[in-house]
Amino acid sequence: MNLPTQLFKRKSISACISDIENPATRLKKVLGPWQIIALGIGAIIGAGIFASIGTAAAGDALRPGAGPGIILSFLLTAAACGFAALCYAEFAALVPISGSAYTYAYATMGELVAWIIGWDLIIEYGVGNVAVAISWAGYFNQLLAGLGLQIPVYLATDLRTALASPEILAQAPHIGSIPIVCNLPAALIVLLLTWILVTGIKESARFNVLMVLIKLFTLGLFVFAGFFYIRPENWHPFMPNGWAGVQAGAAVIFFAYIGFDAVSTVAEECRNPAKDMPIGIIGSLVICTVIYVVVAAVLTGILPFSQLNVPDPLSLALHSIGRDRFAGLVAVGAIISMTAVLLVFQLGQPRIFFSMARDGLLPPWFAKVHPKHRTPHVATILTGLVVAMFAAFARIDEMVDLTNIGTLFAFILVCGGILVLRIREPHLHRPFRVPLFPWVPILGIFSCLYLMTGLPQITWVRFGIWLLVGLVFYAAYGLKKSRLTSKT
């Protein structure tokens with residue numbers, strides 16, 4: 001097979017479906033529609049609404065703030081995600097495989113594009129989870145401090161910050177001349193959730209449902225506690241930086257929507273994917289959008305938007321009106337919410353690796369399935385160890401933007417894949433069809449591109465470098481080991 005032919009050779013839909021019939025790599029089908037909706041809500045509601053909403057409203061050195069217009073930012077982002085969600089739903093019902101956007105790209109645009117999207121999804125799930133783990137640790141440390149407990153600062157600090165602080169280095173124990181510093185809580189929560197995920201998808205889903213109920217109660221508590229303290233004058237001006245601020249805010253709070261696509265990674269473990277996957281993907285997105293708009297309205301009504309650029313804006317707002325007890329409960333809810341996000345993202349990344357390894361693009365041990373729990377345990381453990389390591393030493397700086405651009409790029413390819421497959425194979429039986437074709441996928445592509453233009457230039461540079469590294473890895477391994485190549 002010549003190189004151009006291999007790069008764009010597609011994996012047929014029938015070949016994708018046959019993979020799930022292999023007893024050696026078959027996953028357990030145990031999930032129903034409500035569990036899938038809960039997984040979506042668990043992945044979506046997290047660090048975005050509890051942290052990024054403040055930056056999006058107030059702005060920072062890199063971008064203007066949306067102000068109370070953050071409400072419009074949420075609706076704008078929801079529209080872009082809604083177009084992509086409909087495309088994900090059609091693919092998930094048609095190709096109920098763990099690979100999500102990677103598998104969809106392989107079936108429509110060929111191996112090279114599939115590799116690029118698989119590599120790109122590491123940013124969404126892997127890098128995104130590092131950012132959420134670090135944010136989780138920050139809230140956890142604040143909670144302990146409120147209870148009069150204190151983790152030694154050298155065990156709750158990233159490496160770069162510690163090396164720049166003589167005070168922290170003086171407190172830290174040393175092995176020779178090497179200081180022992182790390183963000184221990186961030187690493188430990190990742191390892192704990194990795195163990196839960198290895199034990200089984202059904203157990204993980206039950207754990208997630210509990211956390212989702214708690215986080216919904218927490219946000220309801222915030223709205224209840226703050227509603228009667230809204231000052232309408234705080235909503236004026238509604239768009240202090242015009243539409244540019246709303247767009248910039250939408251690009252930031254896109255992080256609050258990342259997760260609904262993670263639902264598609266469990267399609268292979270769904271009892272009735274043709275029916276339940278569209279319900280889970282679209283249902284979780286709609287529910288979260290309603291919640292976000294209400295929370296944003298209350299938050300910007302309590303405090304002037306210029307005061308919201310803090311790590312914990314919801315707690316700050318409740319403290320400002322003397323509702324300290326409620327603020328403490330919201331802080332606990334934030335920790336639980338981010339735990340749910342960590343769980344679902346940590347569930348999604350190994351299943352991407354699992355599908356790529358099954359196609360020969362990654363080493364075969366990524367596709368091993370636990371003989372008892374029927375989970376991709378090797379990929380899950382390796383992912384957990386790598387994320388825990390980076391969470392222990394890395395900083396959260398700019399990781400949100402990098403996660404956003406990677407996810408938006410994935411959405412664009414999924415929307416494009418729907419267009420391509422409808423043209424190439426129009427007679428396929430599609431249990432769920434994107435309505436208003438071709439306008440929905442076209443609007444999905446352009447709305448995601450629009451949000452990407454709101455991200456800083458440095459984020460585009462980093463994203464380009466990441467993709468180049470992935471292409472080098474593909475040329476060195478995947479190009480030679482691909483199952484499509486070996487069958488030709």
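The values are calculated or read from the model by the stated rules, or taken from the named source; none is laboratory data. These numbers were taken from a predicted model, which means no experiment stands behind them. Cβ: placed from backbone, ideal geometry, glycine included. Neighbour counts: every protein chain shown.
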Q. What is the one condition in (1) within 23 Å of Phe50 (Cβ to Cβ); (2) free of Cβ contacts under 8 Å to residues at least 40 places away in the same chain; (3) not aromatic (Phe, Trp, Tyr) that Val387 does not satisfy?
A. (2)
Q. Out of all the residues in segment 413-431, which are surrounded by fewer than 22 Cβ atoms within 10 Å (Cβ to Cβ) and closer than 14 Å to Tyr104 by Cβ?
A. Gly416, Leu419, Val420, Arg422, Arg424, Glu425, Leu428, Arg430
Q) Given (1) modelled with pLDDT of 85 or more; (2) more than 25 Å from Val252 (Cα to Cα), where does Cys415 come up short, assuming only one miss? A) (2)
Q. Which of the residues belonging to segment 306-315 are modelled with pLDDT under 85 and not in a loop (DSSP other than H, G, I, E, B)?
A. Ser315
(Q) Given the criterion under 26 Å from Met389 (Cβ atoms) and surrounded by 19 or more Cβ atoms within 10 Å (Cβ to Cβ), identify the matching residue among Phe326, Phe353. (A) Phe353
Q: Can you tell me which residue among Leu318, Leu343, Leu347, Leu285 is crowded, with 24+ Cβ neighbours inside 10 Å, within 26 Å of Ile405 (Cβ to Cβ) and modelled with pLDDT of 85 or more?
A: Leu285
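Are there helices (runs of 4 or more DSSP H) fully within segment 166-283 with at least 1 residues that are closer than 30 Å to Arg430 by Cα? List them.
Ranges flagged: 201-226.
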Q: State which residue pairs qualify: first residue within 12 Å of Ala85 (Cα to Cα) and inside segment 437-448, second residue not in a helix (DSSP H, G or I) in any location, beta carbons under 6 Å apart, and separation of 6 or more residues or different chains.
A: Val440/Val434
Q) Do you know which residues across segment 208-244 are closer than 18 Å to Ser315 by Cβ and polar (S, T, N, Q)? A) Thr218, Asn234
Q: Please find, within segment 452-481, the residue that is nearest to Leu413 (Cα to Cα) out of those that are out of contact with any Leu (no Cβ under 9 Å at 6 or more places or on another chain) and among the aliphatic types (A, V, I, L, M).
A: Leu467
Q | Positions within segment 359-383 being crowded, with 24+ Cβ neighbours inside 10 Å, in contact (Cβ under 8 Å) with a residue 40 or more places away in the chain and under 16 Å from Trp119 (Cα atoms), in sequence order | A | Asp359, Leu361, Thr383
(Q) If the requirement is being closer than 17 Å to Ser337 by Cβ, surrounded by 24 or more Cβ atoms within 10 Å (Cβ to Cβ), β-branched (Val, Ile, Thr) and within 25 Å of the chain's Cα centre (by Cα), which of these qualifies: Ile196, Ile258, Ile189, Ile214? (A) Ile258
Q) Do we have any residue at all in segment 115-126 that's over 19 Å from Ala51 (Cβ atoms) and among the hydroxyl-bearing types (Ser, Thr, Tyr)? A) no
Q) Can you tell which of Leu402, Leu428 is hydrophobic (A, V, I, L, M, F, W, C), on the phi < 0 side of the Ramachandran plot and over 15 Å from the mean Cα position of the chain (by Cα)? A) Leu428
Q.
Filter segment 33-74 down to the residues that are in contact with a helix residue (DSSP H, G or I) (Cβ under 6 Å, 6 or more places away or on another chain), among the small types (Gly, Ala, Ser) and outside any helix (DSSP H, G or I) and list them by number.
A. Gly46, Gly65, Ala66
Q: Grab the helices (runs of 4 or more DSSP H) fully contained in segment 432-488, keeping just those with 1 or more residues being loosely packed, with under 15 Cβ neighbours inside 10 Å and modelled with pLDDT under 85.
A: 483-486
Q.
Please verify whether Lys29 is among the charged types (D, E, K, R), modelled with pLDDT under 80 and closer than 27 Å to Leu285 by Cα, treating the condition exactly as stated.
A. yes
Q: Working carefully through the options Phe207, Phe222, Phe228, find the one that is buried (at least 16 other Cβ atoms within 10 Å of the Cβ) and at pLDDT 85 or above.
A: Phe222
